[in-house]
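This report refers to the structure that appears directly beneath it.
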Amino acid sequence: MPLIPLRLTIPLRPWLAPLRWLTAHHWLRAADVDACLRFLQPAWALTRIHARVEARRWVAEDMLAIRLRPNCNWPGAQAGQHVQLFIERDGVRLSRSYSLTAQADGCIEIAVRRQPEGRVSAWLCEHLSIGDCVELGAPYGELRWPQEGAVLLAAAGSGITPLLGLLRDALGRGFSAPVRLLHFVREQGQRAFVEELQQLQARYPNLAVEWAVTAGAAGQRLNAEQLHAWREAHVLSCGPAGFVEQLRELVDGQAASLQVESFTPPQWRAEGERRPVRLQFFRSQREAVGDNQVSLLEQAEAAGLKPEHGCRQGICTQCTCQLLEGAVRDLRSGEISHEPGQSIRICVSAPLGDVRVDL
Ligand code: FES
């Protein structure tokens, strides 16, 4: 039984400021302070975001919704954002990114799709229990609900999760323009949050939800006809890279606005001829022969480094580091960065020639 309830850490937050000052000036060790705080409340920490599992429920055959109560270091999040969740298994720290599906009463909800081979998702689904603590990163993500006008939400698989977070928030704030949610799943049992979505449909007449099952000969696919009546709507989409690319092509500039996010890294476009380059990782004092078509994150990992990262798609900023020398190309836009000291996201930056980075 914790000595201090987790809720009480919120009003006690100002008390941490002097402790942070003392650790910043090396009068105390952060690890010792954390150990004391953990003794009082297992999810309390000086700066890190820990959260206690409050509830768990299956919302599809392969998807588990987990309600978490973060400690006082949680900065708050916007609907549609994601968080990095960290666990330790056999002494190895592992992390995955999950979208927020709801926020209420100081709690957040994430939904974890169980991947048969997934080291993190399988463990969370099988072993994470009510009362356990996990560590979270700061929220990130740029999907935003439009101010006004009809909205089309197109999701595939677990891409439903950030869109559901946005939808719940918008309807709760009184959004009254027509909204259509299309959710593509491989199997019938993978339709997620069916009950909640049906309840939302019954409560909000401006919402229409449709599911499309893609497996089998009669499987339904995303097509131009489904989008035709919504040509001038604001379109938000989330799913695997292939799905959002197809949607982008079908929409082809006809939507009022288009926001997409994919949870698998897109296929980066190669540019110019493949050639070897010299990579210098300044902080770790390592050098490697690299490739001008591959992201610096992958190449640093191949060289034995473990740079911090999250989404691997240029969204979360966790992999940001300084370019010290040379030039890099943004694999998404082709934009070149060459200023020494400039911040770059190494998951989406490939070296143009020899480079030195602060890793
Ligand atoms: S890992 Fe998220 S921006 Fe690079």
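All of the numbers you see were taken from the coordinates with simple rules; none came from a lab. Bear in mind that the values here come from a model prediction, so they are computed numbers and not experimental data. When we count neighbours, we look across all protein chains shown, and the Cβ atoms used for this are built from the backbone with ideal geometry, even at glycine.
Some values worked out for this structure:
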read-out	value
Using θ = phi - 60° and Karplus 6.51 cos²θ - 1.76 cosθ + 1.60, couplings along the stretch 292-299 (whole Hz; Gly, Pro as x)	7, 10, 10, 5, 5, 4, 4, 6
The chain: C-alpha gyration tensor shape, a/c 1.5 cut-off, then a/b vs b/c	oblate
Other-chain or far-sequence residues with amide H under 5 Å of Ala156's (modelled H)	Phe184, Cys238, Gly239
J(HN,Hα) series, the stretch 189-195, from Karplus relation 6.51 cos²θ - 1.76 cosθ + 1.60, nearest Hz, glycine and proline x	x, 8, 5, 9, 6, 4, 4
Order by protection proxy (mean Cβ within 10 Å, highest first), peptides 10-17, 156-163, 80-87, 331-338	156-163, 80-87, 331-338, 10-17
For Gly242, net neighbour charge (Lys/Arg +1, Asp/Glu -1) across residues whose Cβ lies under 12 Å away	0
Estimated inter-spin distance, Glu325 and Glu148, nm [label 7 Å along Cα→Cβ]	5.6 nm
Extension gain, Arg13 back to Met1 (0.36 nm per residue minus Cα-Cα distance, nm)	2.2 nm
Net charge of Cβ neighbours under 14 Å - reference Tyr140; Lys, Arg +1; Asp, Glu -1	+1
Theoretical FRET efficiency, 1/(1+(r/R0)^6), r = Cβ-Cβ of Arg203 and Asp32, R0 51 Å, to 0.05	0.50
Calculated FRET value between Glu126 and Gln188, using beta carbons and R₀ = 25 Å, to 0.05	0.60
Antiparallel bridges, percent of DSSP beta bridges restricted to the chain (to nearest 5)	65 percent
By average C-beta atoms within 10 angstrom, highest first, the peptides 172-183, 66-77	66-77, 172-183
Size of charge dipole - the chain - debye, nearest 20, with Cβ of Lys, Arg +1 and Asp, Glu -1, no other charges	760 debye
Calculated FRET efficiency for the pair Leu40/Lys306, C-beta based, R₀ 30 Å, to 0.05	0.40
Residues in the stretch 47-82 reached by a label modelled at Arg93 [backbone nitrogen below 16 Å; 7 Å Cα→Cβ]	47-51
Net charge of Cβ neighbours under 10 Å - reference Ala79; Lys, Arg +1; Asp, Glu -1	+2
Label-point separation in nm, Ala218 to Ser284, each point 7 Å along Cα→Cβ	5.3 nm
Segments 48-55, 346-353 sorted - mean Cβ within 10 Å per residue, highest first	346-353, 48-55
Long-range amide H partners of Val59 with built H, under 5 Å	Leu64, Ala65
